[in-house]
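First the structure, in the form of structure tokens, and then the observations on it.
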Amino acid sequence: MGILHRGRQSFVFDQHPAILASSAIAGKKEQEGPLKAYFDETNTDTKWGQSSWEKAESKMQELALETAKKKAGIHNQDLDALFAGDLLNQCISSSFAIRDSGVPFLGLYGACSTMAEGLCLAGMAVNGGYARIAAAVSSSHFASAERQYRYPLGYGGQRTPTAQWTVTGAGCILLGRQEQGPFLNAATVGAVVDYGIKDANNMGAAMAPAAYETLRAHFDDLQLSPSDYDLIVTGDLGSVGKEIILDLFRRDGVGIGGVYNDCGVMIFDLEKQDVHAGGSGCGCGSVVLCGYLLRQMERKKLHNVLFCGTGALMSPLSTQQGESIPAVCHAVSIGTERR
């Protein structure tokens, strides 16, 4: 096997791991948005029949994995590795969801970039022959995230215009080797970027510089340009972060507006739904990718997609101590054909 590393931060998948199946599980507010038809299962009960929101989030992860396995016709014993993460302390949504399965588990924390991080690692495992089938899973829940990061919901705190709505959802992708795509073709691992943003209600501004740096690295390392993709999509910058990305590339003299969008803008109707700057959370990019984007690729409406998971690497403690918000972005190139 040759060296697969490219440039400073990127690598290619020479065996082109294939997406065997995917699933998207979403909540009440998400099913009221424009992508309802692309979710495998939704529920108007925010607790999904569980006794807490945290247990509900674990339930969504469990449903996402079970749904993807059913589509692929596999069982737990067929899974060689599962890469999963969420926003809660110690990633309890993920570990509790998988604790009775017996599946080899690698827990991740990349904040809202976790699905892209999981895809990178699951792709490496399959590409290198360390796993025959690997899964990438991530989730978030509006109420569990609010309880941990902000205020109790009963407090009724005023949300700023730049604030985003944490998506209640979970996504799962199963990777293996087969002749039919979509395929993972390449990836770029992001570096941590910190522009000194301290406003925990302005995640878009905190994460946009990291997305910009990763996109630049991806194009430079792999000698590509925005025109090589039908769609370049960030995970959850929302309307504020999306405009920052467009502005940063305009300053470079690069127009990406024709092929760029953000999952946080796509998942909700920003005019009709009260979500302020759009969606956020591990579940945001996950359900848009596992639901809408991969369905569009299956139908050959999209052929080459660059999925850029964005994450704010903060904690309640770091915010309370007045720290700025470091961010990271990982990019994964997905195509209907190997390249």
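For this structure, a couple of remarks:
- Residues satisfying the stated conditions in region 79-102, i.e. farther than 28 Å from residue 147 by Cβ and in contact with a strand residue (DSSP E or B) (Cβ under 9 Å, 6 or more places away or on another chain): 79, 80, 81
- Within region 26-48, the residues that satisfy the criterion of being under 19 Å from residue 86 (Cβ atoms) and part of a loop (DSSP other than H, G, I, E, B) are 27, 39, 40, 43, 46, 47, 48.
- Options 191, 186, 211: the member that is over 22 Å from residue 302 (Cβ atoms) and touching a residue at least 12 places away in the same chain (Cβ under 8 Å): 191
- Filtering region 65-81 to residues that are closer than 18 Å to residue 139 by Cα and either in contact with a helix residue (DSSP H, G or I) (Cβ under 6 Å, 6 or more places away or on another chain) or in contact (Cβ under 8 Å) with a residue 60 or more places away in the chain (or both) leaves 65, 67, 68, 69, 81.
- Odd one out for residue 136 among (1) of a type in the set (A, V, I, L, M); (2) closer than 27 Å to residue 39 by Cα; (3) in contact with a helix residue (DSSP H, G or I) (Cβ under 8 Å, 6 or more places away or on another chain); (4) assigned to a helix (DSSP H, G or I): (4)
- Matching entry among 81, 72, 131, 111 (being within 27 Å of residue 47 (Cα to Cα) and of a type in the set (A, V, I, L, M)): 111
- Taking the listed residues 187, 208, 170, the one that is hydrophobic (A, V, I, L, M, F, W, C), farther than 30 Å from residue 41 by Cα and in contact with a helix residue (DSSP H, G or I) (Cβ under 6 Å, 6 or more places away or on another chain) is 208, with no other qualifying.
- Residues in region 82-105 that are in a helix (DSSP H, G or I) and crowded, with 16+ Cβ neighbours inside 10 Å: 91, 92, 93, 94, 95, 96, 97, 98.
- Looking only at residues of region 98-124 that are of a type in the set (Gly, Ala, Ser) and over 18 Å from the mean Cα position of the chain (by Cα), we find that the one that is nearest to residue 48 (Cα to Cα) is 101.
- Answer from 253, 258 - the residue that is touching a Pro at 6+ places or on another chain (Cβ under 9 Å) and not in a helix (DSSP H, G or I): 258
- Annotation note: of 162, 168, the sole residue that is touching a Ser or Thr at 6+ places or on another chain (Cβ under 8 Å), within 23 Å of residue 276 (Cα to Cα) and of a type in the set (Ser, Thr, Tyr) is 168.
- Number of residues in region 113-133 that are of a type in the set (Gly, Ala, Ser), more than 20 Å from residue 235 (Cβ to Cβ) and outside any helix (DSSP H, G or I) equals 3.
- Number of the exception - residue 31 against (1) surrounded by 15 or more Cβ atoms within 10 Å (Cβ to Cβ); (2) over 20 Å from the mean Cα position of the chain (by Cα); (3) over 15 Å from residue 187 (Cα atoms): (2)
- Selection of first residues in region 18-42 that are more than 17 Å from residue 266 (Cβ to Cβ) and in the same structural domain as residue 61 (by TED's automatic domain parsing) and of second residues that are of a type in the set (Lys, Arg) and buried (at least 19 other Cβ atoms within 10 Å of the Cβ), restricted to Cβ pairs under 8 Å at least 6 apart or on distinct chains, gives the following pairs, ordered by first then second residue: 21/69.
- Matching option when the condition is at positive phi, touching a residue at least 40 places away in the same chain (Cβ under 8 Å) and in contact with a His (Cβ under 9 Å, 6 or more places away or on another chain), among 281, 311: 281
The values are calculated or read from the model by the stated rules, or taken from the named source; none is laboratory data. Predicted, not measured: the structure shown is a model, and the values here were computed from it. When we count neighbours, we look across all protein chains shown, and the Cβ atoms used for this are built from the backbone with ideal geometry, even at glycine.
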